[in-house]
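Scroll down for the structure; my scribbles are underneath it.
The values are calculated or read from the model by the stated rules, or taken from the named source; none is laboratory data. On a predicted model such as this, the values are computed, not experimentally measured, just so you know. Heads up, the Cβs are rebuilt from the backbone with ideal geometry, glycines too, and the neighbour counts pull from every protein chain shown.
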Amino acid sequence: MAFNPQQINPNDLNPNIGLGISIPFSNPGIFSSTYNTNEAVKNNLINYFLTNPGELPLNPTFGAGLRNYLFEQSNDNTFSNIESFVNQKIKLYFPMIKIKKLDVLSSPSNPNSIIINLQYYVVNSNVNGTVTFNFSL
C-alpha cells in the first residue's frame, strides 16, 4: 500500500487540452494557452493577486488587491502585514496550495519597491513553483 500517493491531473496527460491562458499576454493577436496544471496554478495566482476587488464587474469580490500596499512605507511592519495578508488569502481562496517559503522585502537599489517571492506546492500532487511580484514607484 502506498503512502502519500501523488495525484496527476488527467488533463496533464493529454497535450491537446488547454487548461488556461498564459500571463502576460505577449502573443500578437491571440492568447497563448497553458497545457499543464503547473502553469495554470501559477497563472491563477498571478491573476488573483494582481487583480483589485471590484475590478471585475461580474465578480466584484475577486482579487487580492496587493497594489494597495504600494504607497505604504517600506519597513518591517509593512512587510509583516503583507506576509500575513498573502498567507490569509492563499488559505482562504487556494486551500490546496501550501506555502513553502514567502519573502517580502525591498530592493537595495530602490527603497520604494516591494518584492514578494512566493514558493508553493499543491497538496498531493507534483505541482510546485515560484511566483515573484515586483512593485515599484
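Could you pull out the residue among P24, P15, P10 that is within 16 Å of the chain's Cα centre (by Cα) and modelled with pLDDT under 85?
Values: P15 fails: within 16 Å of the chain's Cα centre (by Cα); P10 fails: within 16 Å of the chain's Cα centre (by Cα).
Testing whether each residue is within 16 Å of the chain's Cα centre (by Cα) and modelled with pLDDT under 85 leaves just P24.
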(message) Quick check on my filter: what residues within the range 61-89 are farther than 12 Å from Y48 by Cα and among the β-branched types (V, I, T)?
(response) T78, I82
(message) Filter the range 112-130 down to the residues that are assigned to a strand (DSSP E or B) and touching a Ser or Thr at 6+ places or on another chain (Cβ under 8 Å) and list them by number.
(response) S113, I114, I115, I116, N117, L118, Q119, Y120, V122, S125
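Do the conditions hold for N117, that is, is it touching a Leu at 6+ places or on another chain (Cβ under 8 Å), within 17 Å of N134 (Cα to Cα) and surrounded by 12 or more Cβ atoms within 10 Å (Cβ to Cβ)?
For N117, the condition - touching a Leu at 6+ places or on another chain (Cβ under 8 Å), within 17 Å of N134 (Cα to Cα) and surrounded by 12 or more Cβ atoms within 10 Å (Cβ to Cβ) - is met.
Out of N38, N59, which single residue is modelled with pLDDT of 85 or more and not charged (D, E, K, R)?
Working: N38 fails: modelled with pLDDT of 85 or more.
Just one listed residue meets the conditions, N59.
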(request) Quick one: S109 ticks every box in (1) exposed (fewer than 15 other Cβ atoms within 10 Å of the Cβ); (2) closer than 21 Å to K42 by Cα; (3) not acidic (D, E) except a single one, so which number is it? (result) (2)
(message) Based on this model, can you work out whether V123 counts as of a type outside the set (D, E) and exposed (fewer than 13 other Cβ atoms within 10 Å of the Cβ)?
(response) yes
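Here is a yes/no grid of residues against (1) in a helix (DSSP H, G or I); (2) in contact (Cβ under 8 Å) with a residue 24 or more places away in the chain:
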| site | (1), (2) |
| --- | --- |
| E55 | no, no |
| S74 | no, yes |
| S84 | yes, no |
| Q88 | yes, no |
| S109 | no, no |
